[in-house]
Amino acid sequence: MQPLRLNFRPALPRRLDWRIGCVGAGFIMRDCHLVAYRNAGFNPVAIASRTASAAREAAERHSVPKVHASIDALLADDSIEILDVAVPPDVQPSVIRKAVEQGKGRLRGILAQKPLALSLADARDLVARCADAGIVFAVNQNMRFDQSVRAAKDVLNRGWIGEPVFASIDMRAVPHWMPWAEGLPSLSTFVMSIHHLDTFRYWLGTPERVLASTRPDPRTKFPHRDGINLYILEYANGARASSWDDVWTGPSKEGVAGDIGIRWRIEGTDGLMQGTIGWPKYPAREPSTLELSTRQQQGCWLRPRWDDVWFPDAFVGTMAQLLVAVEDGTEPEIGARDNLETVALCEAVFAAATEHRVIKMTDVLGTA
């Protein structure tokens with residue numbers, strides 16, 4: 001086996017001065033996108049939000065030179081080449097539709113927040129509109145640029161553990177639900193589980209069938225159908241994947257000693273790898289981890305380590321992959337057209353859990 005030099009860093013664009021317009025000034029933009037962009041040397045030139053004061057605060061913190069009074073005003077700004085959208089998922093489609101209409105012939109690329117949309121029909125409509133307008137369209141599935149997730153994909157690509165047999169993600173962590181999450185048709189599936197579902201797609205592809213179960217989270221007081229999510233993905237080649245997305249984790253926020261964390265594992269015919277995700281420790285910088293053992297190591301573990309962390313470092317990669325695609329005239333690594341299958345997988349898991357039946361992905365995706 002060759003020395004363990006895993007490819008986990010994103011490819012960077014040749015140009016760093018692409019003029020980026022930022023839509024939204026909440027946590028994900030203020031504390032992740034803009035931090036990562038400044039660290040990478042990217043060029044956010046304008047920002048707008050539903051709340052003008054929030055946009056001004058984010059602009060002052062991250063030296064964004066222009067603050068627009070409204071999102072509409074930013075979308076009409078002819079100087080913007082790349083649009084970075086970070087707004088709640090129920091309003092994102094309307095923002096992107098307006099951006100496409102106003103940006104034809106000028107806007108080169110759009111980076112949408114995940115979930116791309118709350119329905120496959122809406123997501124398909126956005127993909128078609130961007131394609132018709134010649135706008136490169138990508139989705140901020142940022143867990144793909146967590147260092148251990150990306151390194152694991154590199155191991156799979158190299159064939160070091162043989163054919164994947166079983167993959168799992170065991171999450172025992174308490175998300176901070178944003179105010180906009182209340183009232184959405186889905187809570188955990190489209191807001192939290194989507195990270196893991198897209199990661200399984202990244203590692204193994206789109207499954208053939210889905211089984212799932214859900215129940216409300218006792219800590220979350222507003223009404224919701226999907227809280228604690230358990231699901232199994234069945235692949236045509238025999239591989240299986242499963243996740244326990246436990247957003248309750250016991251009363252750890254109410255005084256009980258907790259065991260907070262996210263662990264993952266992939267078993268193959270010639271080896272296995274496993275690791276942890278550092279995100280639950282945020283804002284502390286807790287790097288994710290990976291350890292790998294193959295037949296060639298004869299019982300030894302390889303444990304590469306790095307200093308990068310998911311939040312905010314992964315957000316360099318999500319913007320970089322869009323900019324590279326714009327420069328090269330290629331599909332982004334996380335292209336919106338491919339991401340339709342992640343939205344469809346979310347729909348399948350939600351339906352399987354709430355309707356208590358096995359869902360075939362072909363029934364969700366159809367022929368469109």
task = Scan segment 159-175 and report the pairs whose first residue is within 30 Å of Ala257 (Cα to Cα) and whose second residue is of a type in the set (S, T, N, Q) and part of a strand (DSSP E or B), with Cβ atoms within less than 6 Å and a gap of 6+ or a chain change.
result = Ser168/Ser242; Ile169/Ser243
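Residue-by-condition table, conditions (1) touching a Pro at 6+ places or on another chain (Cβ under 9 Å); (2) farther than 18 Å from Ala117 by Cα; (3) of a type in the set (D, E, K, R); (4) not assigned by TED's automatic domain parsing to the domain that holds Pro216:
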{"position": "Ala325", "(1), (2), (3), (4)": "yes, yes, no, yes"}
{"position": "Gly329", "(1), (2), (3), (4)": "no, yes, no, yes"}
{"position": "Ala348", "(1), (2), (3), (4)": "yes, no, no, no"}
{"position": "Ala352", "(1), (2), (3), (4)": "no, yes, no, no"}
{"position": "Gly366", "(1), (2), (3), (4)": "no, no, no, yes"}
request  = Working carefully through the options Val87, Val91, find the one that is buried (at least 22 other Cβ atoms within 10 Å of the Cβ) and assigned by TED's automatic domain parsing to the domain that holds Glu327.
outcome  = Val87
inquiry  = I'm told Val64 meets every condition in (1) farther than 21 Å from Arg30 by Cα; (2) out of contact with any Lys or Arg (no Cβ under 7 Å at 6 or more places or on another chain) except one. Can you identify the failing condition by its number?
reply    = (1)
task = Can you give me the number of residues within segment 230-260 that are at positive phi and either among the β-branched types (Val, Ile, Thr) or surrounded by 17 or more Cβ atoms within 10 Å (Cβ to Cβ) (or both)?
result = 1
query = Out of all the residues in segment 5-38, which are buried (at least 22 other Cβ atoms within 10 Å of the Cβ), assigned to a helix (DSSP H, G or I) and of a type in the set (A, V, I, L, M)?
reply = Met29, Leu34, Ala36
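Rundown of residues vs (1) closer than 24 Å to Cys32 by Cβ; (2) surrounded by 19 or more Cβ atoms within 10 Å (Cβ to Cβ); (3) not hydrophobic (A, V, I, L, M, F, W, C), yes/no style:
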| position | (1), (2), (3) |
| --- | --- |
| Leu116 | yes, yes, no |
| Ala138 | yes, yes, no |
| Pro164 | no, yes, yes |
| Pro179 | yes, no, yes |
remark   = Expected single match for polar (S, T, N, Q), in the same structural domain as Ala151 (by TED's automatic domain parsing) and out of contact with any Lys or Arg (no Cβ under 8 Å at 6 or more places or on another chain) among Thr220, Thr249 is Thr220
remark   = When segment 39-78 is checked residue by residue, the ones that are without any contact (Cβ under 8 Å) to a residue 40 or more places away in the chain and in a strand (DSSP E or B) are Asn43, Val45, Ala46, Ile47, Ala48, Lys66, Val67
ask   = In this structure, is Ala325 touching a helix residue (DSSP H, G or I) at 6+ places or on another chain (Cβ under 6 Å) and either in a helix (DSSP H, G or I) or touching a residue at least 60 places away in the same chain (Cβ under 8 Å) (or both)?
value = no
ask   = Can you find even one residue in segment 295-313 that is assigned to a strand (DSSP E or B) and in contact with a Phe, Trp or Tyr (Cβ under 6 Å, 6 or more places away or on another chain)?
value = no
Output for segment 39-84, where each listed residue is surrounded by fewer than 22 Cβ atoms within 10 Å (Cβ to Cβ) and among the charged types (D, E, K, R) = Arg50, Arg56, Glu57, Glu60, Arg61, Lys66, Asp72, Asp77, Asp78, Glu81
Conditions (1) modelled with pLDDT of 95 or more; (2) within 23 Å of Arg158 (Cα to Cα); (3) in contact with a strand residue (DSSP E or B) (Cβ under 8 Å, 6 or more places away or on another chain); (4) surrounded by 17 or more Cβ atoms within 10 Å (Cβ to Cβ); number of the one not met by Arg337 = (2)
task = Could you please give the count of residues in segment 175-215 that are within 25 Å of Asn237 (Cα to Cα) and at pLDDT below 95?
result = 0
note = Checked against (1) farther than 30 Å from Asp132 by Cβ; (2) in a loop (DSSP other than H, G, I, E, B); (3) in contact with a strand residue (DSSP E or B) (Cβ under 8 Å, 6 or more places away or on another chain); (4) at pLDDT 95 or above, Pro332 satisfies every condition except (1)
query = Given the structure, is Lys98 surrounded by fewer than 19 Cβ atoms within 10 Å (Cβ to Cβ), out of contact with any Cys (no Cβ under 7 Å at 6 or more places or on another chain) and of a type outside the set (Phe, Trp, Tyr)?
reply = yes
inquiry  = If a residue must be touching a helix residue (DSSP H, G or I) at 6+ places or on another chain (Cβ under 7 Å) and more than 18 Å from Ile96 (Cα to Cα), how many such residues does segment 328-340 contain?
reply    = 2
inquiry  = Can you find a residue that is in contact with a strand residue (DSSP E or B) (Cβ under 9 Å, 6 or more places away or on another chain), basic (Lys, Arg), in contact (Cβ under 8 Å) with a residue 60 or more places away in the chain and over 27 Å from Ile20 (Cα atoms) anywhere in segment 350-365?
reply    = yes
query = For segment 291-311, what are the residues that are surrounded by fewer than 18 Cβ atoms within 10 Å (Cβ to Cβ), of a type in the set (Phe, Trp, Tyr) and in contact (Cβ under 8 Å) with a residue 40 or more places away in the chain?
reply = Trp306
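The values are calculated or read from the model by the stated rules, or taken from the named source; none is laboratory data. Computed from a predicted model, the values in this text were never measured in an experiment. All Cβ positions, even for glycine, are placed from backbone atoms using ideal geometry, and neighbour counts span all protein chains on display.
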